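Step one of this worksheet: look at the structure below.
The values are calculated or read from the model by the stated rules, or taken from the named source; none is laboratory data. What you see is a predicted model; the values in this text were computed from it and never measured. Cβ sites come from the backbone with ideal geometry, for glycine too, and all protein chains shown count toward neighbours.
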Amino acid sequence: MDITTIGFDIAKSVFQVHGVDGAGEVVLRRRLSRGQVLALFERLPPCLVGMEACGSAHHWARAVLALALSYKTRSLLVAQRTAVVNALRAHLTEFGIIARQGPIGSAALVALVRNGDERLPELARESLGDVADMIEATEAKIALIDGKLAEVAKKSDACRRLLAIPGIGPVAAGTLLALSGDMTRFRTGRDYAAWLGLTPRQNSSGERVRIGRMSKAGNRDLRTLLVLGQMSVMRRARSNPPRVSAWVLGLMKRRPPLVVAVAMAAKTARIIWAMLSRGEDYRLQAA
């Protein structure tokens, strides 16, 4: 069921739910008892929910926002994992031990602490073992949330369509739907990209136009997901160039990797806006 917006009529015992898709067609109309409300919203894809302002509105808003909170919780856990991995990396550097960046490098450092290394004193291994425990526990929590979010994404037609975009996985697709809200409130795809902070700042006067760096306004989590997703596309492009457009390959030859990733993320944001606001499917970019 592809629902983008829900009208939620609150009462004491009997509730009315009215849902429409991206084209404004009615796809859900149901009368619910109090006990049925949360069970219904748990089965629905991430969408915009509107309700009247009344005494119980805050309670129900908190209840139906549980999915968005799951994405925010995941973001917090990822930040905590990064901080702890960096701490472990810094401690091991003092003993002359370094590893590559990214998940592979952090896994190697944890394995080194677990298996022991002649360069590490016994006391240091014991202390760093606690740090390794924190990393593994955090990764387990992230994996648990990812599994739940992937299940939610499978139930959403909009999520499945977004998964066709290179660099967009289940977590990114669900987060975009949960946190972006109603896409029709953005007049153009560029407006959506600007809301994400993916467009450059402008400082112009008279006839002189000055274009600055990326604004970094808006939702940091969404912007980060899009940029990291496009960096993964770039990594694959180096080993299989025909799978990406000539525009991307040209950028990769001329500009630094992060600049290219941001430009690709901004273009992806425009594509996402077109797909969600118009109900379109992804079309492979030829150039």
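Taking each residue of segment 146-158 that is of a type in the set (D, E, K, R) and looking for partners that are outside any helix (DSSP H, G or I) with beta-carbon atoms closer than 7 Å, six or more apart or interchain, yields K155/P45; D157/D2. If you go through segment 89-106 and keep only what is out of contact with any helix residue (DSSP H, G or I) (no Cβ under 9 Å at 6 or more places or on another chain), modelled with pLDDT of 85 or more and small (G, A, S), you end up with A90, G96.
Show the residue pairs that are 6+ apart or on different chains and have beta-carbon atoms under 9 Å apart, the first residue being within segment 115-127 and more than 19 Å from V84 (Cβ to Cβ), the second being modelled with pLDDT of 85 or more and surrounded by fewer than 11 Cβ atoms within 10 Å (Cβ to Cβ). Qualifying pairs under 9 Å: R119/G96. The condition of being closer than 30 Å to A23 by Cβ and either of a type outside the set (A, V, I, L, M, F, W, C) or modelled with pLDDT under 90 (or both) holds for only one of G167, G129, G147, that being G167.
The set of residues from segment 128-139 being over 14 Å from F95 (Cβ atoms) and in contact (Cβ under 8 Å) with a residue 24 or more places away in the chain comprises A132, M134, I135, E136, T138, E139. I'd like to check something: does segment 241-260 contain any residue that is in the same structural domain as A173 (by TED's automatic domain parsing) and under 23 Å from R187 (Cβ atoms)? Looking through segment 241-260, none of the residues is in the same structural domain as A173 (by TED's automatic domain parsing) and under 23 Å from R187 (Cβ atoms).
The residues on offer are V20, V26, V85, and the sole one that is under 19 Å from R160 (Cα atoms) and at pLDDT 75 or above is V20.
Of the candidates G169, G181, the single residue that is touching a strand residue (DSSP E or B) at 6+ places or on another chain (Cβ under 6 Å), small (G, A, S) and touching a residue at least 12 places away in the same chain (Cβ under 8 Å) is G181. Could you list, in sequence order, the residues of segment 184-193 that are modelled with pLDDT of 80 or more and not hydroxyl-bearing (S, T, Y)? F186, R187, G189, R190, D191, A193 - these are the residues of segment 184-193 that are modelled with pLDDT of 80 or more and not hydroxyl-bearing (S, T, Y).
In segment 215-248, the residue that is modelled with the lowest pLDDT out of those that are loosely packed, with under 13 Cβ neighbours inside 10 Å and out of contact with any Lys or Arg (no Cβ under 9 Å at 6 or more places or on another chain) is P242.
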